[in-house]
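Peer 1: This is the structure I have questions about; it appears just below.
Since every read-out is calculated from the coordinates, none of them should be taken as a lab result. Worth saying up front: this structure is predicted, and the values here are computed from it rather than measured. Every residue, glycine as well, gets a Cβ built from its backbone with ideal geometry; the counts of neighbours run over all protein chains shown.
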Amino acid sequence: MAAFTGGEILIFPIILAVKLRASNIFLAMAVAFVGTLSRDWLLFLLFREKGRQLLLKIPRLKTKIGQAREIIDKNNMFVFLGYRFLFGLVIFIVIVLGLSGMSLRKFAAISLIGNTLFIICIGVFGYFYTEIMLEKIIWVHEHKAYYLLGFVILLGLYLLVKKAGELLVKYL
């Protein structure tokens with residue numbers, strides 16, 4: 001569900017569960033793959049079918065989509081292999097591809113290859129770097145009192161400066 005809603009980064013807690021022997025890495029990666037692939041296809045098909053109405057209502061959007069499609073066409077191999085790694089732009093790229101009228105066959109190839117590379121890279125990276133993440137989480141847990149004290153001091157300074165500013169404005 002997290003991958004479907006755009007939370008591919010939540011694969012790291014899943015990999016943590018794998019490291020703690022609470023889950024299976026292949027199952028976790030398969031579920032993440034199905035989720036990301038499903039979201040891509042849902043958006044692509046939705047904007048491929050209903051997006052034309054949107055373009056008719058907003059003609060300016062048609063030129064912007066055309067410009068974005070030209071950029072995607074010029075960097076075809078990059079989009080083909082790496083669009084999944086562009087956090088924040090993935091949904092936009094899939095929408096542009098849907099609005100541009102790209103063929104189902106071409107999108108299927110892009111989506112399958114992009115999602116496969118992404119899930120394998122994130123899964124492998126997460127699996128091997130979970131130990132470091134655990135060490136950092138433990139370190140933060142051990143030093144949380146210092147973080148809390150620092151926050152309280154910063155909050156106090158902020159309130160002091162704010163009050164001093166109000167007094168200056170009042171008396172000047």
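Peer 1: Measuring from centroid to centroid over Cα atoms, what is the spacing of the range 51-83 and the range 93-143 in Å?
Peer 2: Computed from Cα coordinates, the inter-centre distance equals 22 Å.
Peer 1: Ok, one more. Could you list Thr116, Thr63 so that the one with the fewest beta carbons within 10 Å of its beta carbon is first and the one with the most is last?
Peer 2: Details: Thr116 15, Thr63 10.
The most exposed by this proxy come first: Thr63, Thr116.
Peer 1: Tell me what the chain gives for mean residue ellipticity at 222 nm when only DSSP H runs of n ≥ 4 count, each as -39,500 (n - 2.57), the sum divided by the residue total, rounded to 500 deg cm²/dmol.
Peer 2: Numbers: 7 runs with 142 residues, N = 172.
Counting only the DSSP helices, I get -28500 deg cm²/dmol.
Peer 1: May I ask for the angle, rounded to the nearest 10°, between helix 104-142 and the longest principal axis of the chain, with both axes built from Cα atoms and the value confined to 0 to 90°?
Peer 2: Between helix and principal axis, roughly 20 degrees.
Peer 1: Then there is this: Could you size up the charge dipole of the range 81-157 around its Cα centre, putting +1 on the beta carbon of Lys and Arg and -1 on that of Asp and Glu, and report it in debye to the nearest 20?
Peer 2: Working: 5 positive and 3 negative charges, 81 e Å.
The calculated dipole for the range 81-157 is roughly 400 debye.
Peer 1: I've got another one for you. Semi-axes of the equivalent ellipsoid of the range 88-172: what are they in whole Å, largest first, if each equals the square root of 5 times a C-alpha gyration tensor eigenvalue?
Peer 2: On the way: eigenvalues 478, 152, 4 Å².
Taking √(5λ) for each eigenvalue gives 49, 28, 5 Å, largest first.
Peer 1: Using Cβ counts within 10 Å as a stand-in for footprinting exposure, how do Val90, Val96, Val34 rank, fewest first?
Peer 2: Working: Val90 20, Val96 23, Val34 14.
Fewest to most other Cβ atoms nearby, the residues stand as Val34, Val90, Val96.
Peer 1: Please work out which option in (i) 46, 34, 31; (ii) 82, 48, 24; (iii) 65, 56, 26 gives Cα extents along the principal axes in Å calculated from these coordinates, and answer with its label.
Peer 2: The listed entry that was calculated here is (iii).
Peer 1: Percentage of Cα-Cα pair distances in the range 24-118 greater than 24 Å, rounded to whole percent? If you can, show how the numbers build up before the last one.
Peer 2: Values: 937 of 4465 pairs.
In whole percent, the share of Cα-Cα pairs in the range 24-118 beyond 24 Å is 21.
Peer 1: What order do you get for Met102, Met29, Met77 when you list them from fewest to most C-beta neighbours inside 10 Å?
Peer 2: Working: Met102 17, Met29 22, Met77 7.
By the 10 Å Cβ count, ascending, the order reads Met77, Met102, Met29.
Peer 1: Size of the dipole of the chain about the Cα centre, Lys and Arg at +1 and Asp and Glu at -1 on the beta carbon, nothing else charged, in debye to 20?
Peer 2: Details: 20 positive and 9 negative charges, 157 e Å.
That gives the chain a dipole magnitude of about 760 debye.
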